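Working notes, structure below.
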Amino acid sequence: MAALLEIRNLSKSFGGVAANVEISFDVAPGEILGLLGPNGAGKTSLFNSISGEVTPDAGEILLEGRRISGLGPVACAMAGIARTFQVVRSFDSMSVRENVMVGAFTRLGSTRAAMAQADETMEFCGLTRRADAPAHMLSPAEKRRLEVARALATKPKILLLDEMLTGLTPTEAQEGVALVRAVQAQGVTILMVEHVMEVVLPLVSRAIVLNLGRVLTTGTPAEIVKHPEVIRAYLGDRYAAG
Amino acid sequence: MQNAITLRRRRELITAGVLVALLIVLPLPFHDPYTRNLMILTLLYAALAQSWNILGGTCGQISLGHSLYFGVGAYVSTLLFVWHGVPPWFGMLAAAAVAGLLALLVGWPCFRLSGHYYAIATVVVQEIAYLLFLNWDDIGGASGVYVPFHGQSWLNLQFRTAKLPYFYVMLGFFALTWIAAWWIEGSRWGFSWRAVKDDVIAARSLGVRVFPSKMAAAAISGGLTGIGGAIFAQFVGYIDPDSILSGPLSILIALPAVLGGVGTLWGPLLGAAVLIPLRELSSTFLGSSGSGVDLMLYGALIMVVALWRPQGLVSLFQRGRNGSAS
């Protein structure tokens with residue numbers, strides 16, 4: 001099957017610090033692909049390139065065969081890439097419904113249509129009860145949900161989740177996992193950065209491990225956890241041999 | 001479809017209808033020109049602040065140079081009237097167009113600056129325009145322009161000593177700015193602009209075109225302010241750079257919105273209703289010896305509001321909006 005998203009030899013550095021070095025991988029339509037790696041491995045930086053927030057120094061990113069790298073965040077959003085942020089960025093002067101409507105307006109012109117779209121998306125994300133609460137009053141878990149809802153309201157082809165489950169209680173994290181599965185069931189492809197291994201590994205079909213800006217390895221969750229390089233990157237040399 | 005947003009918007013519209021009805025009869029019991037004059041000025045500043053609020057409140061781009069659009073609007077309409085006898089109703093349209101274009105012209109370089117730098121740039125641009133107009137002899141320079149009296153008529157917006165017609169013109173102008181703000185609030189534009197104000201990066205990631213959003217907000221805000229300048233010129237019958245294109249005026253345009261509640265629909269009117277009478281009273285009681293005291297008053301007022309009601313006076317009328325919706 002043709003890849004939905006292709007990353008080709010992508011490199012990006014910030015003032016001499018190489019955040020991403022010749023990264024290449026494909027995301028197949030409909031899959032949940034995990035993006036793992038220790039702090040500073042270049043995961044968020046890669047997300048910023050894919051979502052158009054930064055322009056890669058070299059290499060390219062293709063969505064359904066069309067080049068999207070360097071076009072900027074607005075063009076990427078219109079092309080069908082939606083994202084959440086590691087540090088939540090809700091529109092705090094607005095209610096939950098209004099936040100989600102901003103996402104819905106990406107493809108809709110009329111307020112009525114955007115409202116209907118927002119209602120549907122809030123229902124899907126379990127936010128209907130909080131629809132009229134000001135966004136800044138939400139709990140951290142609800143704010144994560146709000147970001148997912150806002151992104152989904154843009155009707156994306158691929159959703160980038162940046163540490164959506166980090167910092168949540170185990171119960172909240174399990175609810176988050178259920179939401180991610182539901183999003184996948186809707187036909188949206190997912191690329192997720194995550195730290196919480198025991199939560200993310202059962203969820204993803206494949207994972208890419210980054211370390212020091214490079215792709216360390218790619219494989220199924222079972223392969224990943226046994227890979228000596230991965231163990232070394234996370235735990236150090238002492239544990240890698242075993 | 002009915003939800004909290006549609007219900008709120010309907011309530012706002014009904015409140016506005018009732019308010020306009022009240023304002024229509026408000027000046028009738030007051031016959032002295034002083035009180036009516038005060039009402040006219042209050043409505044003028046309410047409308048100007050409402051125009052400012054479209055850019056400053058909704059889109060979050062704080063302009064401290066809005067007297068530029070007011071002054072240029074006044075000059076455009078007045079010079080068309082003086083030189084070519086164009087009635088101010090058409091002059092107003094020209095004023096709106098020129099002021100709107102000017103706002104785009106200012107925005108083109110200045111919106112590339114973020115945060116406080118944009119505000120500073122607007123001050124600078126307005127000061128440049130002030131100096132330019134002060135020394136531009138073809139349009140009166142520092143001695144200004146007198147609006148010749150062409151006889152009492154609605155067409156020319158000239159009424160010898162009557163204040164009432166001007167009151168209704170100002171009320172119409174205020175209603176126009178309010179309806180514009182209300183309409184924007186419920187449209188795709190309003191949502192995009194507020195997203196830009198709250199978080200530019202998140203807005204961009206949702207496909208909001210940030211720069212065009214700011215430009216559109218600036219053009220509408222500047223254009224409406226220009227209409228105010230055109231009306232004001234007919235009202236006072238004389239314009240010069242010091243009275244319509246000055247730094248203090250720029251502050252006075254923004255102040256009612258800040259005092260009443262930035263980004264709110266009722267803040268500008270409420271702020272003006274407190275600020276403008278206060279200003280007139282202070283200048284009446286203190287006379288010329290008190291020049292500058294009014295500025296101290298504004299400062300004190302803003303400090304009190306900032307400490308006590310950071311959301312502006314309008315928050316006094318809102319029920320506590322807490323998160324427990326269910």
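The values are calculated or read from the model by the stated rules, or taken from the named source; none is laboratory data. Quick caveat, the model's predicted, so the values are computed rather than measured. When we count neighbours, we look across all protein chains shown, and the Cβ atoms used for this are built from the backbone with ideal geometry, even at glycine. Heads up: the accessible areas ignore ligands, DNA and RNA and are worked out on the full protein's heavy atoms, side chains in. Shrake-Rupley method; radii C 1.70, N 1.55, O 1.52, S 1.80 Å.
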(request) Grab the Cα-Cα distance for B:Val25 and B:Trp183, subtract it from 0.36 nm times how many residues apart they are, and report the gain in nm with one decimal. (result) 54.3 nm
(request) Measure nothing but the geometry: give the 0 to 90° angle between the long axis through the Cα atoms of A:140-152 and the longest principal axis through the Cα atoms of chain A, rounded to 10°. (result) 80
(message) Taking a ≥ b ≥ c as the square roots of the Cα gyration tensor eigenvalues, with a/c under 1.5 meaning rounded and otherwise prolate when a/b beats b/c, else oblate, which class fits the stretch B:4-316?
(response) rounded
(request) Take every Cα-Cα distance within chain A, group them into 10 Å bins from 0 onward, and report for each bin the whole-number percent of pairs it holds. (result) 8, 32, 36, 20, 5, 1, 0
(request) At a Cα cut-off below 21 Å, give the lysines reachable from A:Lys155, other chains included and same-chain residues fewer than 8 away excluded. (result) A:Lys143
(request) Mind telling me which of B:Pro29, B:Pro165, B:Pro277 comes out most flexible in a GNM of chain B, alpha-carbon contacts under 10 Å? (result) B:Pro29
(message) Amide H of A:Val54 versus every other amide H placed in the peptide plane: which residues, excluding those fewer than 5 positions away on the same chain, fall under 5 Å?
(response) A:Ser49
(message) If the elastic network links every pair of Cα atoms under 10 Å, which of B:Met296, B:Met170, B:Met39 fluctuates the most in the Gaussian network model of chain B?
(response) B:Met296
(message) Could you tell me the center-to-center distance, by alpha carbons, between the stretch B:183-239 and the stretch A:12-72 in angstrom?
(response) 35
(request) Round to the nearest 10 and give me the degree value, 0 to 90, for the angle of helix A:170-185's Cα axis relative to the longest principal axis of chain A. (result) 80
(message) Classify the stretch B:113-200 from the C-alpha gyration tensor, please: rounded if a/c falls under 1.5, else prolate or oblate depending on whether a/b exceeds b/c.
(response) oblate
(message) For the stretch A:168-200 and the stretch B:38-104, what is the centre-to-centre distance using only Cα atoms, to the nearest Å?
(response) 52
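Let me have the relative contact order for chain B, percent, based on Cα pairs under 8 Å that are six or more residues apart.
This gives 31 percent for chain B.
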(message) As a test of the formula, what do you get for chain A when each DSSP H run with n ≥ 4 contributes -39,500 (n - 2.57) and the sum is divided by the residue count, at 222 nm and rounded to the nearest 500 deg cm²/dmol?
(response) -10500 deg cm²/dmol
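Looking at the square roots a ≥ b ≥ c of the eigenvalues of the Cα gyration tensor of the stretch B:1-143, which shape do they give, rounded for a/c under 1.5, prolate if a/b is larger than b/c, or oblate?
Judged from the Cα gyration tensor, the stretch B:1-143 comes out oblate (a/c at least 1.5, b/c at or above a/b).
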(message) Quick check: the angle from helix A:111-124's long axis to the longest principal axis of chain A, C-alpha only, nearest 10 degrees?
(response) 50
(message) Using amide H atoms built in the peptide plane, which far-off residues or other-chain residues are under 5 Å from A:Leu165 H to H?
(response) none
(request) Report relative contact order for the stretch A:88-155 in percent, whole number only (criteria: Cα-Cα under 8 Å, sequence separation at least 6). (result) 51
(request) Can you send over the solvent-accessible area of B:Val145, 1.4 Å probe, protein chains only, in Å² to the nearest 10? (result) 20
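Over chain A, what is the relative contact order in percent, taking alpha-carbon pairs closer than 8 angstrom and at least six residues apart? Provide the component values of the computation, followed by the final result.
Values: 480 pairs, mean separation 60.5, N = 242.
With pairs under 8 Å counted, the relative contact order is 25 percent.
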(request) Please identify the longest segment of chain B free of exposed chymotrypsin sites (Phe, Trp or Tyr not before Pro), where exposed means a DSSP state other than H, G, I, E or B and no more than 12 other Cβ atoms within 10 Å. (result) B:155-326
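Would you compute, from DSSP H runs of 4+ residues alone, the mean residue ellipticity of chain B at 222 nm, taking -39500 (n - 2.57) per run and dividing by the full residue count, rounded to the nearest 500? Please list the in-between numbers first.
Values: 13 runs with 224 residues, N = 326.
Value at 222 nm, helices only, nearest 500: -23000 deg cm²/dmol.
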(request) Could you tell me which helices of chain B pass both thresholds, a Cα extent of 18 Å or more along their own axis and a mean Kyte-Doolittle hydropathy of at least 1.6, with helices taken as whole DSSP H runs? (result) B:88-110, B:247-260, B:293-308
